[in-house]
């Protein structure tokens, strides 16, 4: 499951939030979906099929149907489902399914969005976007907890927090390991296991993400950006940026202006 797609979603508008009923054995084919959708089937079951894979949807299995995906859904057990449709420029052809232990909690969040939009409460449009982000965040976190045992992740928390606050400064493995009260060798091994990359590579990836934000937001010259991110000079910054993105900072900046 590529969670980066969800992490990078920029929601521009929530289109609708509704609850509907489907009879058993109803089937529908959908090609090239035009908008994103969050679905929770809180009565019965529905099975989605896409690219030869099946995805169960019920109270404890939520699905996200991305813009651009094609699929067939088959109601295997009749019942109600709630769906929130929203707009984003991002596209994906894979369905996302999240197994959760507390479907009732998510159903309440869906119903809250539907309630606010039905009454058109003050700032309901902005609140709808915020609430959809909250649901997405909870779903992504539910996956991360399964793959990242809380005990191991807890050991790394001091280092991760330190990096988030000091990514613009020189960072050493020994220093980070000391913050976690574990040996440097074990720290490197544990960090790579949990985060999927080495500690130093993680720092550089974070710097490049920040650099992209700065280049898109007109924060100043390349020299200013390089200094803000802790690079010794613009040449080191440009070399690192191109290594991670495949293009120079200047080219990336021009590409963003032309979007």
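The values are calculated or read from the model by the stated rules, or taken from the named source; none is laboratory data. Remember, predicted model here, so these are calculated numbers, not experimental data. Using ideal geometry, Cβ is built from the backbone for each residue, glycine included, and neighbour counts are taken over all protein chains shown.
For the condition in contact with a helix residue (DSSP H, G or I) (Cβ under 7 Å, 6 or more places away or on another chain) and not assigned by TED's automatic domain parsing to the domain that holds residue 242, what is the one hit in 117, 216, 188? Result: 117 is the single residue among 117, 216, 188 that is in contact with a helix residue (DSSP H, G or I) (Cβ under 7 Å, 6 or more places away or on another chain) and not assigned by TED's automatic domain parsing to the domain that holds residue 242.
From the list 108, 125, exactly one residue is surrounded by fewer than 18 Cβ atoms within 10 Å (Cβ to Cβ), under 30 Å from residue 82 (Cα atoms) and without any contact (Cβ under 8 Å) to a residue 40 or more places away in the chain. Which is it? None of the other options fit; the residue is 108.
As a summary of the residue check, residue 201 satisfies the conditions (1) more than 24 Å from residue 174 (Cα to Cα); (2) without any contact (Cβ under 8 Å) to a residue 40 or more places away in the chain; (3) part of a helix (DSSP H, G or I) except for the one numbered (1). For segment 76-105, a residue qualifies if it is in contact with a helix residue (DSSP H, G or I) (Cβ under 7 Å, 6 or more places away or on another chain) and surrounded by fewer than 17 Cβ atoms within 10 Å (Cβ to Cβ), and exactly one does: 90.
Report whether or not residue 152 is at pLDDT 90 or above and farther than 30 Å from residue 233 by Cβ.
When the stated conditions are applied, residue 152 does not pass them.
Table: residues versus (1) assigned by TED's automatic domain parsing to the domain that holds residue 135; (2) closer than 19 Å to residue 143 by Cβ; (3) in a helix (DSSP H, G or I).
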position: 33; (1), (2), (3): yes, no, no
position: 62; (1), (2), (3): yes, yes, no
position: 80; (1), (2), (3): yes, no, no
position: 94; (1), (2), (3): yes, yes, no
position: 109; (1), (2), (3): yes, yes, yes
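If I ask for residues that are surrounded by 17 or more Cβ atoms within 10 Å (Cβ to Cβ) and closer than 15 Å to residue 96 by Cβ, which ones from segment 61-75 would you list?
61, 62, 63, 64, 65, 66, 67, 69, 71, 73
Exactly one residue out of 210, 169 is outside any helix (DSSP H, G or I) and touching a residue at least 12 places away in the same chain (Cβ under 8 Å): that is 169. Within segment 1-31, the residues that satisfy the criterion of being under 18 Å from the mean Cα position of the chain (by Cα) and in a loop (DSSP other than H, G, I, E, B) are 1, 2, 8, 9, 10.
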